[in-house]
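Every number in this text was worked out from the coordinates using simple rules, so none of it is lab data. Everything quoted here is computed from the prediction, not taken from an experiment. Neighbour counts are summed over all protein chains in view; Cβ atoms, including those assigned to glycine, are modelled from backbone coordinates with ideal geometry.
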Amino acid sequence: QVQFVESGGGLVQAGGSLRLSCAASGSTFSFSINAADWYRQAPGKQRELVASISSGGRLNYADSVRGRFTISRDNAKKTVYLQMNSLKPEDTAVYYCNVEFTESGLDFDSWGQGTQVTVSS
């Protein structure tokens with residue numbers, strides 16, 4: 001069963017950068033990533049959609065991150081990325097990926113386990 005594992009979170013100073021990765025693990029026979037989203041959830045707040053990439057490559061961002069974050073996918077590496085630049089303390093949250101993929105001709109949807117991003121002022 002394919003699962004997605006996130007990495008790249010950590011502690012960074014305001015103005016710094018991080019790149020989050022969401023990589024497929026497990027059996028990946030005849031595999032392709034279709035669409036993907038990155039969400040985040042700060043303590044005491046609801047989970048919010050941060051960035052999306054559609055099956056056709058259309059990108060969409062929350063107003064709060066547009067111009068600073070970039071979502072991308074690499075089907076050869078079976079990985080979705082979130083490049084985060086000019087980080088602010090308000091970007092502090094647990095970040096989750098959600099990936100729609102096709103494996104062995106069947107469509108699936110999977111969440112990563114989350115990775116903590118902490119931005120200090």
Worksheet item: In terms of modelled amide H atoms, which long-range or inter-chain residues lie less than 5 Å from the amide H of Asn34?
Response: Glu100, Phe101, Thr102
Item to complete: Please work out the Cα center distance from the stretch 1-19 to the stretch 68-121, rounded to the nearest Å.
Response: 8
Worksheet item: Phe69's amide H: which non-local residues (gap 5+, or another chain) put their own amide H closer than 5 Å, with H modeled 1.01 Å from N in plane and none for Pro or chain starts?
Response: Asn85
Worksheet item: Counting pairs of alpha carbon atoms under 8 Å apart in space and at least six apart in sequence, what relative contact order in percent does the stretch 67-121 give?
Response: 31
Fill in: FRET efficiency, Leu59 to Val5 (Cβ-Cβ, R0 25 Å, nearest 0.05)
0.60
Worksheet item: Each residue of the stretch 7-13 in order: what ³J(HN,Hα) in whole Hz does its phi give by Karplus 6.51 cos²θ - 1.76 cosθ + 1.60, θ = phi - 60°, with x for Gly and Pro?
Response: 7, x, x, x, 9, 9, 7
Discussion item. Just to check I understand the Karplus step: with θ = phi - 60° and J = 6.51 cos²θ - 1.76 cosθ + 1.60, what whole-Hz values come out for the stretch 55-65, glycine and proline as x?
Written reply: 4, x, x, 6, 9, 9, 9, 5, 4, 5, 10
Item to complete: Using Cα positions and a limit of under 15 Å, work out the aspartates and glutamates in reach of Lys77, with same-chain residues fewer than 8 apart set aside.
Response: Glu6, Glu103
Worksheet item: Over the chain, what relative contact order in percent results from Cα pairs under 8 Å that are six or more residues apart?
Response: 36
Discussion item. Spelling out what I want: for every residue of the stretch 104-116, take phi, set θ = phi - 60°, compute 6.51 cos²θ - 1.76 cosθ + 1.60 (Karplus), and round to whole Hz; glycine and proline get x.
Written reply: 6, x, 10, 9, 9, 9, 9, 9, x, 7, x, 9, 7
Discussion item. For a protection proxy built on the mean count of beta-carbon atoms within 10 angstrom, sort 74-84, 104-114, 10-20 highest first, please.
Written reply: 74-84, 10-20, 104-114
Discussion item. Need the list of lysines near Lys88 for cross-linking: C-alpha distance under 26 angstrom, and skip anything on the same chain fewer than eight residues off.
Written reply: Lys45
